[in-house]
Amino acid sequence: MTQHTDGLYPTADLAKDVWTLGVVQSTVNPTPDPSGMRANLDHMLHLIDNCFHTPFGYRPDLLFFHEFPISGWDNWTKAEAERRCIELPGPESEAISAKARQHNCYIAFGAYVRDPDWPGHVLSVTTLIGPDGEIVAKHWKARNVKGVFGGVELFTTTVYDVLDEYIEKYGIDQVVPVARTPLGNISMSSTQLEPELFRAAAVKGAEVFLRTASGSFNEIDVRASALHNRVYTAIVNNSLLPRDTPYFEDTGAGGSAVYGPDGNVIAAADSKFEKLVVAQIPIAAHRARHRQPDIHWDMYKHIFDAYRSRFAPNLFTPYQPESLEDAGRYLDGKSRWR
């Protein structure tokens with residue numbers, strides 16, 4: 001992509017001046033056995049139908065699900081997580097595509113993903129499916145936070161973990177991807193507390209951030225990404241967990257919301273139960289006045305050029321940890337900071 005230097009950014013023609021976003025706060029059910037993923041998927045499909053059941057109110061143009069509606073999340077090893085991975089496309093995404101065609105809507109959701117181009121890696125990917133049932137975008141998680149969990153680390157492979165190989169396969173433009181759709185420019189991510197990531201997406205023209213979570217998020221972080229970049233931002237979190245899981249029902253549940261370019265709430269879940277949060281996105285009016293963030297980069301560039309991140313990129317290229325504990329052992333001592 002050629003970077004614009006005049007405040008503008010590449011776009012696709014809009015299908016509507018105003019469209020409806022539906023944020024689906026739903027349960028995340030960690031499956032004791034991968035066979036339980038079918039029940040989770042069926043529940044997800046049921047909720048999609050529910051979003052269009054009532055004759056009153058707005059019909060969502062885009063439905064947005066959280067990070068792991070099909071598999072759930074638990075303290076699994078990488079081998080156990082691999083057994084709960086889906087493929088894109090695959091049977092699960094095809095079932096969701098059928099619902100997108102049936103209801104003539106976009107559907108976004110997160111999942112553990114297996115990719116034959118990345119053997120041995122477990123990916124966390126947020127996928128956008130179009131009203132024609134085709135996959136519009138697959139946005140990898142950009143990075144996992146490291147060095148904060150006290151002896152364990154996440155083992156999913158992110159863009160940062162295989163950065164050089166990722167760029168070789170997909171090109172540098174896909175490191176911070178923006179999907180240019182008839183609903184606007186959309187950036188999807190399950191990354192938390194990384195304002196630079198969302199700033200970069202906004203510089204590339206993102207107009208709507210779709211941010212997924214499972215088991216809590218920081219509201220200030222999400223609101224700030226809307227305010228600082230003057231874009232619409234949605235966060236979708238899970239609802240209360242089923243009682244038969246090894247976790248309490250309320251393990252960081254709820255809070256799903258949509259924020260406007262001023263950082264204020266447009267719509268938010270008023271409970272921690274399963275809930276559809278609906279918001280109008282006046283994309284045409286927004287685009288008419290919106291520009292890239294106004295950053296005084298000449299003041300800061302030399303600081304960022306001299307900065308060295310705590311952990312180097314590409315650490316999962318030579319080795320993919322087998323568990324949370326193995327990831328902790330592998331990354332121990334690899335910090336470049338004192």
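Below is a table of values for the structure above.
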quantity: Highest to lowest packing among 177-190, 30-43, scored as the average C-beta count within 10 Å; calculated: 177-190, 30-43
quantity: For Thr27, distant residues with modelled amide H under 5 Å away; calculated: Ser239
quantity: Cα shape, segment 195-295, gyration tensor, a/c 1.5 rule; calculated: prolate
quantity: Protection proxy ranking of 291-302, 223-234, 156-167, 11-22 - average other beta-carbon atoms within 10 Å, highest first; calculated: 223-234, 156-167, 11-22, 291-302
quantity: From phi via Karplus (6.51, -1.76, 1.60), per-residue ³J(HN,Hα) for segment 286-303 in Hz, x at Gly/Pro; calculated: 4, 5, 4, 10, 7, 9, 4, x, 8, 10, 8, 5, 4, 7, 10, 4, 5, 5
quantity: Solvent-accessible area, 1.4 Å probe, carbon plus sulfur percent, for the chain; calculated: 54 percent
quantity: Order by protection proxy (mean Cβ within 10 Å, highest first), peptides 204-215, 314-325; calculated: 204-215, 314-325
quantity: Gain upon complete extension [Gln280, Asp42; 0.36 nm per residue less C-alpha separation]; calculated: 82.9 nm
quantity: Pairs beyond 31 Å (Cα-Cα), from Lys16/Lys146; Lys272/Lys301; Lys146/Lys272; Lys275/Lys334; Lys16/Lys78; calculated: Lys16/Lys146; Lys272/Lys301; Lys275/Lys334; Lys16/Lys78
quantity: Centre separation in Å (Cα based) which lies between segment 113-164 and segment 12-66; calculated: 21 Å
quantity: Charge dipole (debye, nearest 20) of the chain; +1 at Cβ of Lys and Arg, -1 at Cβ of Asp and Glu; calculated: 660 debye
quantity: The chain, helix-only ellipticity at 222 nm - DSSP H runs n ≥ 4, -39,500 (n - 2.57), divided by all residues, nearest 500; calculated: -7000 deg cm²/dmol
quantity: For segment 150-251, accessible area per residue (1.4 Å probe, heavy atoms of protein chains only), Å²; calculated: 39 Å²
quantity: Among (i) 39, 22, 20; (ii) 28, 27, 18; (iii) 35, 20, 19, the entry that matches semi-axes √(5λ) of the Cα gyration tensor in Å as calculated here; calculated: (ii)
quantity: Inter-label distance for Ala98 and Arg336, nm, one decimal - labels placed 7 Å from Cα along Cα-to-Cβ; calculated: 4.9 nm
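The values are calculated or read from the model by the stated rules, or taken from the named source; none is laboratory data. Note that this is a predicted model, so its numbers are computed, not measured. Positions of Cβ are backbone-derived with ideal geometry, glycine not excepted, and every protein chain shown enters the neighbour counts. Just the protein is used for accessible areas: all its heavy atoms, side chains included, with ligands, DNA and RNA removed. Shrake-Rupley method; radii C 1.70, N 1.55, O 1.52, S 1.80 Å.
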